[in-house]
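Undergrad: I have a structure I would like to understand better, so I am pasting it below and will then ask my questions one at a time.
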Amino acid sequence: MPDLSPFQYGLITNMMSLCIAAMFAGALFFFFSRETVGPKYRPALLISALVPAIAAYHYFRIYSSFKGAYIFDGDMYVASGQTFNDAYRYADWLLTVPLLVIELVAVCALAKAVSRRLSTQLSVAAVIMIALGYPGEVATSARVAWIWWALAMVPFAYILWTLYGEFGRAVENQPQTAKPLISKARALILITWSFYPLAFLAPLIGFSGGTGETVLQVGYTLADITAKVGLGIFIYWIARAKTEADEVSIEVSHGGSGDPVAAPA
Ligand SMILES: *C/C=C(C)/C=C/C=C(C)/C=C/C1=C(C)CCCC1(C)C
């Protein structure tokens, strides 16, 4: 663990603490918002609540592991000898990353077979991606780290290719009010998820020492908040838009007056 200035140490631990608060708030909000959307969209909101709940727990562990790994020597924060457990992040991602793609597919309420196929393809690829990344994260040789990075990039590319290909075609008939939100949610995944493989490379391309560590820890923390709570907010908006669209189509198909001529099929 590289030495950290009090500012760097404070920034990292404060961001982790903020992250715990944001994850708790997101989990509670998405959990109780289920009541405000149609029954079809409630599983998506429940998953959106589970993800930050799992992350809040892991950030608790990450935070205390990080604090334990450092000791203040009167000037700088230096390694205490206790190791910082990176595995909490990977354990968290192993659970939450597949759930994130599942919540996006779930909120679209696609035909059952399409929905099942897309969530299986995306979640299996997500698990493989994280599992391939871990040996690289803990590797002591840069060459080995690069190899696992390259391997993990394959399922990563496959996820993006599926989201912009097959998933994109499957959501073409979504209500007009939901479609732009779905595109934005997908773009949020593209942008926030791309941060992780870049951050992973930081020490390999020369960002080391206290600055590298600070950028990595703060970066992962901010990306986690955006990718989990941020995506959850989009899921909530999509669910609300689709609930409203469903209500309108029910009103239209009932015609209000009972006049069959006024009721388009
Ligand atoms: C809430 C946590 C999220 C959304 C985590 C996402 C993590 C990734 C997209 C990680 C990807 C990686 C690669 C594509 C290659 C190098 C190893 C990883 C695991 C950092």
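The values are calculated or read from the model by the stated rules, or taken from the named source; none is laboratory data. Remember, it's a predicted structure, so these values are computed and weren't measured experimentally. Positions of Cβ are generated from backbone atoms using ideal geometry, with glycine treated the same way; all protein chains shown enter the neighbour counts. Ligands, DNA and RNA are excluded from the accessible area calculation, which covers all protein heavy atoms including side chains. Shrake-Rupley method; radii C 1.70, N 1.55, O 1.52, S 1.80 Å.
Undergrad: Solvent-accessible area per residue for segment 55-169 at a 1.4 Å probe radius, Å²? Provide the component values of the computation, followed by the final result.
TA: Details: 5560 Å² over 115 residues.
With the other protein chains kept in place, segment 55-169 gives 48 Å² per residue.
Undergrad: With a sphere of radius 10 Å drawn around the Cβ of Pro43, what net charge do the other residues whose Cβ falls strictly inside it have (Lys, Arg +1; Asp, Glu -1)?
TA: Cβ neighbours under 10 Å give a net charge of +2.
Undergrad: Taking the Cβ of Asp224 as the centre, find all other residues whose Cβ is under 12 Å away and add up their charges (Lys, Arg: +1; Asp, Glu: -1).
TA: Here the charged neighbours net out to +1.
Undergrad: Compute the distance in nm between two label points, each set 7 Å from the Cα along the Cα-to-Cβ direction, one at Ala142 and one at Ala113.
TA: Taking the two extended label points, one gets 5.1 nm.
Undergrad: What's the carbon and sulfur percent of the chain's accessible surface, probe 1.4 angstrom, rounded to a whole number?
TA: In the chain, the share of accessible area belonging to carbon and sulfur is 68 percent.
Undergrad: Given a 1.4 Å probe and heavy atoms of the protein chains only, how would you sort Ile47, Ile235, largest accessible area at the top?
TA: Details: Ile47 30, Ile235 0 Å².
Final ranking, largest accessible area leading: Ile47, Ile235.
Undergrad: PRE reach from Trp161 (point 7 Å along Cα→Cβ): which of segment 184-218 fall under 18 Å by backbone N?
TA: Of the residues in segment 184-218, 190, 194 have backbone N under 18 Å from the label point off Trp161.
Undergrad: Considering only DSSP states other than H, G, I, E and B, which trypsin sites (Lys or Arg not before Pro) in segment 24-86 qualify as loop sites with at most 14 other Cβ atoms within 10 Å?
TA: Sites meeting the loop and neighbour criteria: none at all.
Undergrad: Here's something else I'd like to know. Which lysines does Lys242 reach when only Cα atoms under 30 Å apart count, and residues fewer than 8 places away in its own chain are ignored?
TA: Cross-link targets: Lys40, Lys112, Lys179, Lys184, Lys228.
Undergrad: May I ask for the Rg/Rh ratio of the chain, computed from Cα atoms with Rh as the Kirkwood radius, given to two decimals?
TA: Numbers: Rg = 21.5 Å, Rh = 20.1 Å.
Checking Rg against Rh, the ratio lands at 1.07.
Undergrad: Follow-up question, since we're still on this one. Explain nothing, just the number: dipole magnitude of segment 76-146 about its Cα centre with +1 on each Lys and Arg Cβ and -1 on each Asp and Glu Cβ, in debye rounded to the nearest 20.
TA: Numbers: 5 positive and 4 negative charges, 66 e Å.
Dipole magnitude for segment 76-146 comes out near 320 debye.
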